[in-house]
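Note sheet for the following structure.
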Amino acid sequence: MPEGSGVESALWDDWHVVAEIAELTRLGRIATQLLGFSLVVELDNRSVIPSVDLESGGVAPAKVKYGYVWVCLGTPNRDIVDFPECADRDRWIVNAGSFGVAVSGLRAVENFLDMSHLAFVHAGYLGEEPHTEVPKYKVATLPDGGIVATDCKFYQPLASPVATEGFDVDYVYRIVRPYTIMLHKANPIDPSRSDMIALFVQPVSEERCVVHMLLAYLKDELTEAAVRQFAQMIFNQDKPILENQLPKRLPLNPRAEVPIRADAASAAYRRWLHEGDIRYGAIPHDLGV
Ligand SMILES: [Fe+2]
């Protein structure tokens, strides 16, 4: 843990999204918070590289990638997450929005991973009754650290803006950082290829976050606006559910919450956070349930 910051190095010395570049270009200056620290992002007239001034007077490194501004408050110990799909020319690469949510970002990641909510929270789109049961799937650890859930299948009546009928959708989830999750879901027109959704969750504080969404959807008959609208409509269904979760931080003790939220992927995510000693936004074992 870096001295004085109170935040573990795995988060402090990594890159986090703090703004959309389109929004920054429009406003010229954005004030926000990351890991409890206030910062201001400003565009330099001579360059699109923003400078970041910390309230404390320090300056943090910043980069622009995937349409977002990334900041590292410490010393970067790894590169920004790689999403190779963003280089495909037959995809729309869409910044679908940045949503402020009054809950730990770890809760937002776990909710995205949770297939059991789809038939209820996103009824008519990403699930519907009576297709509520989540079939068994596989969970493993990634070679570079993280969790992967494969062989996930779920019946969806309207899985994407180009879907015209319901079908069993194949999902692969990857949690590649504590606050970053990506989902590959089979494309409704060409099931041999996947559409990709990534959530870059900005930990504003331990109990507040901004969820930045990135989508890489095959263009098919889609428009970029349709991709954005669909993603925003779905996330607006999640937001009130997330904000009602208590406690607002994610308990890492497996006995802390009722089994409905403790499915295999969720349990693996919590265990991985515990083993990596990720405490920011969590309730660690040693702080009780
Ligand atoms: Fe959801």
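The values are calculated or read from the model by the stated rules, or taken from the named source; none is laboratory data. It should be emphasised that the depicted structure is a prediction, and the values quoted were computed from it without experimental measurement. Positions of Cβ are generated from backbone atoms using ideal geometry, with glycine treated the same way; all protein chains shown enter the neighbour counts.
Kindly indicate whether ARG208 is at pLDDT 85 or above, within 15 Å of the chain's Cα centre (by Cα) and surrounded by fewer than 20 Cβ atoms within 10 Å (Cβ to Cβ). Spell out the reasoning first.
Values: at pLDDT 85 or above: yes; within 15 Å of the chain's Cα centre (by Cα): yes; surrounded by fewer than 20 Cβ atoms within 10 Å (Cβ to Cβ): yes.
Here the answer is yes, as ARG208 does meet what is asked.
Just checking, which of ASP220, ASP195, ASP263 is surrounded by 14 or more Cβ atoms within 10 Å (Cβ to Cβ), at pLDDT below 90, within 16 Å of the ligand (Cβ to nearest atom) and farther than 28 Å from LEU39 by Cβ?
ASP263
Which residue is nearest to the chain's Cα centre (by Cα), if the candidates are limited to the range 98-115 and must be outside any strand (DSSP E or B) and closer than 18 Å to LEU215 by Cα?
VAL109
Name the pairs: first residue in the range 42-55 and among the aliphatic types (A, V, I, L, M), second residue surrounded by 16 or more Cβ atoms within 10 Å (Cβ to Cβ) and at pLDDT below 70, Cβ to Cβ under 9 Å, at least 6 apart or on different chains?
Short answer, once both residue conditions are applied: LEU43/PRO50.
Taking GLY145, is it more than 12 Å from TYR171 (Cα to Cα), more than 11 Å from the ligand (Cβ to nearest atom) and within 18 Å of the chain's Cα centre (by Cα)?
Answer is yes for this residue.
Kindly check whether there is at least one residue in the range 243-255 that is basic (Lys, Arg) and within 16 Å of the ligand (Cβ to nearest atom).
Checked against the condition, which is being basic (Lys, Arg) and within 16 Å of the ligand (Cβ to nearest atom), the range 243-255 yields no hits at all.
Please pick out the residue among SER38, SER5, SER51 that is at pLDDT below 95 and part of a loop (DSSP other than H, G, I, E, B).
Numbers: SER38 fails: part of a loop (DSSP other than H, G, I, E, B); SER51 fails: part of a loop (DSSP other than H, G, I, E, B).
Being at pLDDT below 95 and part of a loop (DSSP other than H, G, I, E, B) holds for just one of SER38, SER5, SER51, which is SER5.
Based on this model, can you work out whether THR25 counts as of a type in the set (Ser, Thr, Tyr) and within 16 Å of the ligand (Cβ to nearest atom)?
no
Could you look through the range 178-199, keep only residues that are in a loop (DSSP other than H, G, I, E, B) and touching a residue at least 24 places away in the same chain (Cβ under 8 Å), and pick out the one that is nearest to the chain's Cα centre (by Cα)?
Only one residue tops the list, namely TYR179.
Could you tell me how many of the residues in the range 236-260 are closer than 28 Å to PRO284 by Cβ, in contact (Cβ under 8 Å) with a residue 60 or more places away in the chain and assigned to a helix (DSSP H, G or I)?
Of all residues in the range 236-260, those closer than 28 Å to PRO284 by Cβ come to 238-260.
Filter once more, keeping what is in contact (Cβ under 8 Å) with a residue 60 or more places away in the chain: 238-239, 241-243, 245, 248-250, 260.
Now drop any that are not assigned to a helix (DSSP H, G or I), which leaves 238-239, 241-243, 260.
The total comes to 6.
If ILE278 satisfies every condition in (1) in contact with an Asp or Glu (Cβ under 8 Å, 6 or more places away or on another chain); (2) of a type in the set (A, V, I, L, M, F, W, C); (3) in a helix (DSSP H, G or I) but one, which is the exception?
It fails just one condition, (3).
Could you look through the range 227-242, keep only residues that are charged (D, E, K, R) and crowded, with 18+ Cβ neighbours inside 10 Å, and pick out the one that is farthest from the ligand (Cβ to nearest atom)?
Of everything passing the filter in the range 227-242, ARG228 is farthest from the ligand (Cβ to nearest atom).
Keeping to the range 208-235, report how many residues are among the polar types (S, T, N, Q) and closer than 16 Å to LEU158 by Cβ.
Residues meeting the conditions: 2.
From (1) touching a residue at least 12 places away in the same chain (Cβ under 8 Å); (2) in contact with a Pro (Cβ under 8 Å, 6 or more places away or on another chain); (3) not basic (Lys, Arg), pick out the condition that doesn't hold for GLN232.
Answer for GLN232: the failing condition is (2).
Which of the residues belonging to the range 101-138 are buried (at least 18 other Cβ atoms within 10 Å of the Cβ), free of Cβ contacts under 8 Å to residues at least 40 places away in the same chain and within 12 Å of the ligand (Cβ to nearest atom)?
Within the range 101-138, LEU118, ALA119, GLY127 qualify.
State whether the residues of the range 200-220 include one that is without any contact (Cβ under 8 Å) to a residue 12 or more places away in the chain, farther than 25 Å from ARG89 by Cβ and among the acidic types (Asp, Glu). Walk me through how you get there before you give the answer.
We begin by selecting, within the range 200-220, every residue without any contact (Cβ under 8 Å) to a residue 12 or more places away in the chain; these are none.
There is no residue in the range 200-220 that is without any contact (Cβ under 8 Å) to a residue 12 or more places away in the chain, farther than 25 Å from ARG89 by Cβ and among the acidic types (Asp, Glu).
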